[in-house]
Structures are given as C-alpha cells and as structure tokens.
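Colleague: This structure is in structure tokens; I'll ask about it shortly.
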Amino acid sequence: MDPAELSKKAAACKAIDDHIKGNCAVGIGSGSTIVYAVEQLAKKVQKDNLKIPCVPTSIQAKQLIRHHKLYLSDLEETPELDFVFDGADEVDANLTLIKGGGGCLTQEKIVASCTKNLIILADHRKDSNSLGTNWTKGIPIEVIPMAYVPIKNRLEGMGGVAELRMAKSKAGPVVTDNGNFILDWKFTLTNADWKAIDQKITCFPGVVDTGLFVDMASKVYFGQPDGTVIVKDKKNS
C-alpha cells in the first residue's frame, strides 16, 4: 500500500477501535481517510452485532454508509452524537482545523457541533505548527452566490486573496450540497486569533459558514508512513 494510504488507514482503524466499544451514535465525515474508518466501523458492527446510527455530513458519507449496510440516520432522528469521525485539511498546534477542501464544511460543522467528541483522522502531512504551513489552498468559506463578490472584497481587505472555487469537470464554479459557492481565502496573517477571525467572517452577510474549526476537535489521530499513529488531544496539544 502507498505510504500515504497506509498512514490514513492506520489512523482511521485505530480511532474506530479506540472509541467504538458498544452501541453508540456517530457522525460520519467526508474525505479519503473516512473511507477506511467506515470500513473498520462496518467490520466492528458485524463482528459485535452492534446497532450504531450513522449521521452523514455529505452525499459521499451517505453513500459510504449505505454501501457498508450501516444504519443511516440524520440529525432529526439522532440530534446527539457520541462521536463524530472526520478528516481535516490541516491541524495546528492548538488543534484548530482547516476543513472544507471537499466542499462539505457547513454540514461537517453542523454535525461536529452535535458531539463532545470530534475525532479527527489524518495522515502526517496534515500536522502543522500553524495554519497555512502545509495547506496552501486557503480557508474555504461557503457563501450565498449573490454575495460572493462583496464577501471576496471584505476577505481581501483582511489580507491575502480570496478565489472563487471553480469546478474541474464542468463549466463554472463549484456548487456545494447546499447550492452555494465556495471562496478559498489565501490569508497572509501570522499569529492569528482564529476564533476572533472565524466570528468576524461568519458575521459578513451572505456567509453560510467557514472552514475554520476552533475549539471543536477533542482528539486527532495522525497516521505515519510506517503505519504507526500519533494521537494528540486538547491536553497535550
């Protein structure tokens, strides 16, 4: 297996094995690492005859849950979750996350807000001392389409460049599961107060949500190329 894929699988499997000990309700995030987590979860459900409602954060997550014949739920039926397993584009020393590279940031943040245990699964390349070190594509901001130009101007007034994310296999911009656009803000800030910045951007009229996840992750599993896993939590971050 490719070292990157090995590290993703190692992180995902250890996180599932560490936390899934019996019946519980979980949120299922998006991204390539989550594929391995859902595979491992399905094995444990079958082996231990568990009943685990799974709430997806995206169409991809919903398809994974259905493919593995897990119990598909939603936040109307299961509004409180024991764990949410998700990936990240970058994690800093304070466990602040950049998420939304796949375009599902708003649903991911909603589902993450429904648990006290947001477990992040990532390979070692996502581990940074400060945001913007390894992930250079910017912070995703989901916006109402009619507002993207004013929001773009406000973001650039804070420093850096905000680019409308364009689709690769169709003409025009990326459209989220919610029917919105995404601006990728390539910031130029250093030593930033990300909580204050997140709150400021969220208050721009037309912003749906940001890909900044501040004080939300309880634990992060970083898979290493040799198949080992480094675990960081709020206590040792």
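Colleague: Determine the gain in length on full extension of the stretch A167-K47; use 0.36 nm per residue of separation and subtract their C-alpha separation, reporting nm with one decimal. Display every interim value, and only then the final one.
Modeller: Working: separation 120, 0.36 × 120 = 43.20 nm, distance 4.09 nm.
The span from A167 to K47 would gain 39.1 nm if fully extended.
Colleague: Over the chain, with the other protein chains present, what is the accessible area per residue in square angstrom, probe 1.4 angstrom? Intermediate results must be reported in sequence, preceding the final value.
Modeller: Details: 11210 Å² over 237 residues.
Normalised by residue count, the accessible surface of the chain is 47 Å².
Colleague: Can you list residues from other chains, or at least 5 along the same chain, whose modelled amide H is less than 5 Å from the amide H of V208?
Modeller: The list, which skips near neighbours in sequence, is E142, V143, I144.
Colleague: L164: net charge of surrounding residues, Cβ under 15 Å, Lys/Arg +1, Asp/Glu -1, itself excluded?
Modeller: Result for the local shell: +3.
Colleague: Taking only DSSP H segments of four or more residues, each worth -39500 (n - 2.57), what value at 222 nm results for the chain once the sum is divided by all its residues, to the nearest 500 deg cm²/dmol? Intermediate results must be reported in sequence, preceding the final value.
Modeller: Numbers: 6 runs with 70 residues, N = 237.
Value at 222 nm, helices only, nearest 500: -9000 deg cm²/dmol.
Colleague: Let me cross-check W135: its accessible surface, 1.4 Å probe, with only protein heavy atoms counted, in Å² to the nearest 10?
Modeller: 50
Colleague: Sticking with the crude label model, points 7 Å out along Cα→Cβ, report the distance from E39 to K195 in nm, one decimal please.
Modeller: 3.9
Colleague: Computed FRET efficiency, Cβ-Cβ of K186 and K69, R0 45 Å: what is it to the nearest 0.05?
Modeller: 0.65
Colleague: With a 1.4 Å probe and every protein chain kept in, tell me what percent of the accessible surface of the chain is carbon plus sulfur.
Modeller: Of the solvent-accessible surface of the chain, carbon and sulfur hold 51 percent.
Colleague: Going by amide H atoms built from the backbone, whose H comes under 5 Å of the H on G160, apart from near neighbours?
Modeller: Under 5 Å from the amide H of G160 lie the amide H atoms of T188, each far enough along the sequence or on another chain.
Colleague: With the calculation restricted to Cα positions, what are the radius of gyration and Dmax of the stretch 139-210 in angstrom?
Modeller: Considering the stretch 139-210 through its Cα atoms, Rg and Dmax are 12.0, 38 Å.
Colleague: Which option, [x] 29, 20, 16; [y] 27, 19, 17; [z] 40, 20, 15, is the value of semi-axes √(5λ) of the Cα gyration tensor in Å that was calculated from these coordinates?
Modeller: Correct label is [x].
Colleague: Related question: Compare the peptides 42-49, 141-148 by average per-residue count of other Cβ atoms within 10 angstrom and give them in order, highest first.
Modeller: My ranking of the peptides, most packed first, is 141-148, 42-49.
Colleague: OK, next. Given a cut-off of 30 Å, name the pairs among K43/K170; K69/K137; K195/K219; K109/K234; K43/K137 whose C-alpha atoms lie farther apart than that in the structure shown.
Modeller: K43/K170; K69/K137; K43/K137
Colleague: OK, next. Taking the convex hull of the Cα atoms, report for the stretch 54-106 its projected area averaged over all directions, in nm².
Modeller: Approximately 4.4 nm², given one-decimal rounding.
Colleague: A further question follows. State the Cα centre-to-centre distance between the stretch 10-76 and the stretch 159-214 in whole Å.
Modeller: Cα centroid to Cα centroid, the span is 28 Å.
Colleague: Calculate, in nm to one decimal, what V149 and E80 gain on full extension: separation in residues at 0.36 nm each, minus their alpha carbon distance.
Modeller: Contour length minus Cα-Cα distance gives 21.2 nm.
The values are calculated or read from the model by the stated rules, or taken from the named source; none is laboratory data. This structure is a prediction, so every number in the text was calculated from the model and none was measured. Methodologically, a virtual Cβ is constructed for each residue, glycine included, from the backbone with ideal geometry; neighbour enumeration extends over all protein chains shown. In case anyone asks, the SASA skips ligands and DNA or RNA and just uses the protein heavy atoms, side chains included. Shrake-Rupley method; radii C 1.70, N 1.55, O 1.52, S 1.80 Å.
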